[in-house]
Amino acid sequence: MDNDSKPLALIVGAGSGLSASLARQCAAAGMRIALAARNTEKLKDFGAARLYSCDVAEPAQATKLFDSLDRDEGTPDLVVYNPSYRARGAFITLDAEEMHRALMVTAYGGFLVAQRAMKRMLERGRGSLFFTGASASIKGYAESAPFAMGKFALRGLAQSLAREFGPKGIHVAHFVIDGGILKAGGDPRAAARGEDGMLHPDAIAETYMSTYRQHRSAWTFELDLRPWVEKF
């Protein structure tokens, strides 16, 4: 089924922060919302959004997600890939399984979702695919090699897809979130960093939405979002 009455946004790796802000702004723009996460219990307050349980690092589950979406809602107009997995620690003592999980969720899952989304968007001749990056997309930090490896790989995937599919009508964009995102319900980091030391999720979501609305003659590929005052 392909319901064209309203555009459809699929947010993968949904949670209570940036994803929630994106969902609210997409809904305010008149879009239908689908949310995918490993644990959908945390998403039950998202109103009319359709929820899907999915571990994006598993090919069969990524396929099931899009097959279910085909049946329930149709092809998404916008797909946002948010998942990541952090494994911290001194490089010499890093656990190999934790490293593997970080790469699977942050990068391989992005590939699986992108491939399934692209097949459908190409059939329709339009669509937008957005990837959420981080400071680690452009700079590796000490004792954070797994996160940097995953985010660097995701950025490379986005660059390649933008060049391959932009001429075919698919807008691919990568967002470098270069700083801490303010958490809802009080964030202990905010006091130390100051009023302008953290990114507000609603402000980030506004940037995603303005990018989604761009005319294809002036598509943005990459945006670097950071706090006005850096205290970290």
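Beyond 21 Å in Cα-Cα separation lie the following of the pairs Lys44/Lys183; Lys6/Lys64; Lys42/Lys183: Lys6/Lys64.
Does region 10-101 come out rounded, prolate or oblate, given a ≥ b ≥ c as the square roots of the eigenvalues of its C-alpha gyration tensor, rounded meaning a/c under 1.5 and, failing that, prolate meaning a/b above b/c? Here region 10-101 falls in the prolate category. For region 43-78, the list of trypsin sites (Lys or Arg not before Pro) that fall in a loop by DSSP and count at most 12 other C-beta atoms within 10 angstrom reads Lys44. Between region 62-95 and region 114-145, how far is it from one alpha carbon centroid to the other, in angstrom? About 10 Å separates the Cα centre of region 62-95 from the one of region 114-145. Between Gly74 and Asn3, the built amide H atoms are under 5 Å apart, and every one of these is 5 or more places off in sequence or on another chain.
Whole-Hz Karplus values for region 213-222 come out as 7, 4, 6, 5, 6, 9, 5, 8, 8, 9 Hz, taken residue by residue from phi with 6.51 cos²θ - 1.76 cosθ + 1.60 and θ = phi - 60°; glycine and proline positions read x. Other residues whose C-beta falls under 14 angstrom from the C-beta of Ser160 contribute a net charge of +1, scoring Lys and Arg +1 and Asp and Glu -1.
Here the Karplus relation 6.51 cos²θ - 1.76 cosθ + 1.60, evaluated at θ = phi - 60°, turns the backbone of region 48-62 into coupling constants of 7, 5, 8, 10, 9, 7, 7, 9, 5, 7, 9, x, 5, 6, 5 Hz, with x for every Gly and Pro.
Principal-axis analysis of the Cα atoms of the chain puts helix 145-165 at an angle of about 30° to the longest axis.
In the chain, one over the average inverse separation of all distinct C-alpha pairs is 18.0 Å, which is the Kirkwood hydrodynamic radius.
When you count the other C-beta atoms within 10 angstrom of each residue and take the mean per peptide, 198-206, 18-26 line up highest first as 18-26, 198-206.
Charge dipole (Cα centre; +1 on Lys/Arg Cβ, -1 on Asp/Glu Cβ; no other charges) of the chain amounts to roughly 260 debye. A simple rule links phi to the HN-Hα coupling: the Karplus curve 6.51 cos²θ - 1.76 cosθ + 1.60 with θ = phi - 60°, which for region 122-139 gives 5, 4, 8, x, 6, x, 10, 10, 10, 10, 9, x, 8, 3, 5, 5, 10, 7 Hz, with x for Gly and Pro.
Values in this text are rule-based calculations from the coordinates and carry no lab data. Note that the structure is a prediction, hence the values are computed from the model and not measured. Don't worry about glycine lacking a Cβ; one is built from the backbone with ideal geometry, like all the others, and counts go over all protein chains shown.
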